Amino acid sequence: MEEFNKSLATERIEYLVKLLNNSFPKDGSYNRGNFDEAMYGIHSLIVILYGSSSEHLKMYNGFKDFYIKASLDKQAAFRLQTSLIGLLKSIQFELDNGILKSLESQTRGEIFGDFISLAKELIDNNHKESSVVLACGALEECISKFVQMNNLELSQNGLTENINLLKSKGLLKGTQSGVIQSYVKIRNKAFHADFDKIEIPEIYSLIAFVEQFVIKYFK
């Protein structure tokens, strides 16, 4: 999912609603160019905000299929106009009430979960190098997104600085920061291709930690 931006999404929704309204001017004509642009725009907006397997996209695809089966004609577009505007207003409501922010976090959790599942599969099948690189990448991305979720400025100096930032704000509890720092050492070895210096149990430990981190903060 692209980075959450409420104001940009709101501007896009307002533009798409305007396109749909302008598809049917008061003189009774039909501007198919406006309508088709709105259809493409709504699809892109939903994928960006909710992902490609969301219920919102399934609903939109139902509208699109109806339009295509009706040979893209004016009457089909006219019948869909109100429904599409309603869909956009629903998305705006979720933006305004913080629902989308929660969905974004959940979607990220699902993505990270997929990474971890693949890392497990790789290590179980003796693909040590690929597994540890994937797990380390998931760890770094999780920490970065956790920083942003808490409205903190992401450090450009790397994983360690972001861990220290979270610790200073009390967002990493107890021994969490120390444990993560130990995985930074694994990450550094992996990114320098020093795979012979990384033990299999360390990789399983890293995978387990990231999995629990995702469950705790991204569900």
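The values are calculated or read from the model by the stated rules, or taken from the named source; none is laboratory data. Just so you know, these numbers come straight off a predicted model, no measurement behind them. Note: ideal-geometry Cβ built from the backbone for every residue, glycine included; neighbour counts use all protein chains shown. For the accessible areas, the whole protein counts, side chains as well, though only heavy atoms, and no ligand, DNA or RNA atoms are used. Shrake-Rupley method; radii C 1.70, N 1.55, O 1.52, S 1.80 Å.
Here are some notes:
- Centre separation in Å (Cα based) which lies between the range 155-219 and the range 18-74: 44 Å
- Couplings 3J(HN,Hα) for the range 65-78, derived from phi with the Karplus relation 6.51 cos²θ - 1.76 cosθ + 1.60 (θ = phi - 60°), are 4, 4, 5, 5, 5, 8, 6, 6, 7, 4, 5, 5, 4, 4 Hz, where x marks Gly and Pro.
- Phi angles of the range 40-52 translate, via the Karplus equation with coefficients 6.51, -1.76, 1.60 and θ = phi - 60°, into HN-Hα couplings of 4, x, 5, 4, 4, 4, 5, 4, 5, 7, 10, x, 8 Hz per residue; Gly and Pro are given as x.
- The dipole here belongs to the chain: it is taken about the Cα centre, uses +1 on the Cβ of Lys and Arg and -1 on the Cβ of Asp and Glu, and is about 540 debye.
- Its Cα centre serving as origin, the range 140-219 has a Cβ charge dipole (Lys and Arg +1, Asp and Glu -1) of approximately 340 debye.
- Pairs exceeding a 24 Å alpha-carbon distance, out of Lys145/Lys197; Lys6/Lys74; Lys64/Lys89: Lys145/Lys197; Lys6/Lys74.
- Three semi-axes describe the equivalent ellipsoid of the chain; taken as square roots of 5 times the Cα gyration tensor eigenvalues and ordered largest first, they are 45, 19, 13 Å.
- Computed on the Cα atoms alone, the convex hull of the range 1-95 gives a volume of 84 cubic angstrom per residue.
- Near the amide H of Phe24, within less than 5 Å, lie the amide hydrogens of Asn31, all on another chain or at least 5 residues away, with H placed in the peptide plane.
- Backbone HN-Hα couplings from phi across the range 126-135 [Karplus 6.51/-1.76/1.60, Hz, Gly and Pro as x]: 6, 9, 4, 4, 5, 5, 5, 5, 5, 5
- Value of Rg to Rh for the range 132-219 (Rh from inverse mean 1/r over Cα pairs, i.e. Kirkwood): 0.95
- Solvent-accessible area per residue, Å², over the chain with all protein chains present [probe radius 1.4 Å]: 55 Å²
- Taking the protein heavy atoms of the chain in the context of the full set of protein chains, the accessible area attributed to carbon and sulfur is 52 percent at 1.4 Å.
- Dividing the helix sum by the residues of the chain, where each DSSP H run of 4 or more adds -39500 (n - 2.57), gives a mean residue ellipticity at 222 nm of -26000 deg cm²/dmol.
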